[in-house]
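Before any comments, here is the structure.
The values are calculated or read from the model by the stated rules, or taken from the named source; none is laboratory data. Just so it is clear, the structure is predicted and the values come from calculations on it, not from any experiment. No Cβ is skipped: glycine too gets one built from the backbone with ideal geometry, and neighbour counts run over all protein chains shown.
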């Protein structure tokens, strides 16, 4: 999906002059309340009462009185292990045009989260290929101390392609799964949907349309901001720019868009910067790192917001290498930020992690996570997702492993703090 900056700039600004395409809601798919009870978050606590939005909260009470577990911050022994959720090329798919079964299928776009009981949830999309009509959302669960279970279909709209799931565990244990369904032939025809489960994934709500207009995608987890609101990072596949959805009632009935579609200045300052990963800093500003689709840069971009995502400073090049690859980060219970990325300016190998002690201003404890590769230029371990286990504070990372399976890495901060490393230098831009 690499695009030349000049070409994208011209294309995006031309498209900006026109209304982005949309269509009516297909039969049986309504933008209605899912029926899952969600407490009212309109009267948000003050910043002094609520800590920064993190996947693991450290207060006794979350928004609107939701009880939240206080994690044990006792130092643990170093931990590192890795593996695959299932053996490569072991899950079949069907070519919808020929009806033929094959095991050479696409496993991509994973998202990982961990429940309050320590169950690891790994979700991704699987089918004959990217955007193929048989692509569906699948998942595998790993109970604490156990192994990843069988891969199960989580959501499938027959005849349409699903992609890019982003799973999130609400403070009361409700599972939220954001994803896209293609109602045409390309990602430009995608619509963002949401399903919920209040029983750990045994049953799910009917899909709720989060954005009627086509062309936006999701990728990384939402975050709970200290305002009490939920912020969902998104991006425009049409314009190749970041976008955000902000909800005060956890996407039950009300949410707003921060859109590049009708803001030329925002578009120009963030063109080519997609799939943002977001954390809240200690000063309650938001910090985002995005994938860079502008081929000459070879570096990720970063930006900040001082008003809970309503406006964003222009994107600037970060120190993080990025060859048009997915990136993710999350704030840990310790206050550090962990980053998952590819420490290269050419390709998607190696898979790497880094820690920041200062809200993402600098990074240390940089380490490669995957094993040796006979052909580093040909190996592909990317599209990373990161989450923390609230029970033991370990870190889980999932990633696309050669498109043949989903790989995982399980580590903790003591192990990562022992590592030494550095960012690879950017390629010569001349």
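Report yes if residue 404 is touching a helix residue (DSSP H, G or I) at 6+ places or on another chain (Cβ under 7 Å) and more than 22 Å from residue 305 (Cβ to Cβ), otherwise no. Spell out how you get there, then give the answer.
On the way: touching a helix residue (DSSP H, G or I) at 6+ places or on another chain (Cβ under 7 Å): no; more than 22 Å from residue 305 (Cβ to Cβ): yes.
Taking the combined requirement at face value, the residue does not satisfy it.
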Of residues in the range 183-197 being surrounded by fewer than 22 Cβ atoms within 10 Å (Cβ to Cβ) and closer than 14 Å to residue 130 by Cβ, the one farthest from the chain's Cα centre (by Cα): 185
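Looking at the range 145-172 only, could you name the residues that are over 19 Å from the mean Cα position of the chain (by Cα), in a loop (DSSP other than H, G, I, E, B) and either surrounded by 14 or more Cβ atoms within 10 Å (Cβ to Cβ) or at pLDDT 95 or above (or both)? Let's see the steps before the verdict.
Of the residues in the range 145-172, the ones over 19 Å from the mean Cα position of the chain (by Cα) are 145-153, 156-160, 172.
Cutting the leftovers down to in a loop (DSSP other than H, G, I, E, B) gives us 145-151, 156-160, 172.
Across the range 145-172, the qualifying residues are 146, 147, 148, 149, 150, 151, 156, 157, 160, 172.
One line per residue, one yes/no per condition, for (1) modelled with pLDDT of 95 or more; (2) assigned to a loop (DSSP other than H, G, I, E, B); (3) within 24 Å of residue 397 (Cα to Cα):
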site: 51; (1), (2), (3): no, yes, no
site: 58; (1), (2), (3): no, yes, yes
site: 81; (1), (2), (3): yes, no, yes
site: 88; (1), (2), (3): yes, yes, yes
site: 118; (1), (2), (3): yes, yes, yes
Checking residue 228 against (1) part of a loop (DSSP other than H, G, I, E, B); (2) in contact with a helix residue (DSSP H, G or I) (Cβ under 9 Å, 6 or more places away or on another chain); (3) within 24 Å of residue 291 (Cβ to Cβ), the condition it does not meet: (3)
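Yes/no matrix, rows are residues, columns are (1) within 20 Å of the chain's Cα centre (by Cα); (2) at pLDDT below 95:
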residue	(1), (2)
340	yes, no
346	no, yes
351	yes, no
357	no, no
372	no, yes
377	no, yes
386	yes, no
394	yes, no
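If you take just the strands (runs of 3 or more DSSP E) that sit entirely in the range 354-428, which of them hold at least 1 residues that are in contact with a strand residue (DSSP E or B) (Cβ under 7 Å, 6 or more places away or on another chain) and surrounded by fewer than 20 Cβ atoms within 10 Å (Cβ to Cβ)?
Numbers: elements: 364-368, 381-388, 395-401, 405-411.
It comes to 364-368, 405-411.
Among the residues of the range 314-343 satisfying the criterion of being touching a helix residue (DSSP H, G or I) at 6+ places or on another chain (Cβ under 8 Å) and closer than 20 Å to residue 265 by Cα, which is surrounded by the most Cβ atoms within 10 Å (Cβ to Cβ)?
315
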